[in-house]
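A short write-up of the structure that comes next.
Quick note: the coordinates plus some simple rules give every number you see, no bench work behind them. Because the structure is predicted, anything quoted here is derived from the model rather than measured. Every residue, glycine among them, receives a Cβ derived from its backbone with ideal geometry; neighbour counts consider all protein chains shown.
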């Protein structure tokens, strides 16, 4: 049932939906084990912030790599960092 509903979301909304669910689960565990409760607004804001951080991290990792053609015989690796 969950995957059917998730599949109906536009692909652009799926990462945020997954992150909100993850954040809700994490908050549930904190409330259960530590007795700490927070508002739904904080849970959703935390999910958005985490998703943005992950996207920035992934973008920085991709931009720090330079593709080297596999046809180059003088270099073994196909990826290396721009340093």
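Peptide packing for 8-19, 43-54 was compared via the average number of neighbouring C-beta atoms within 10 Å per residue; ordered from the highest value, the list is 43-54, 8-19. Spacing of the modelled spin labels on residue 39 and residue 62, each 7 Å from Cα toward Cβ, amounts to 3.5 nm.
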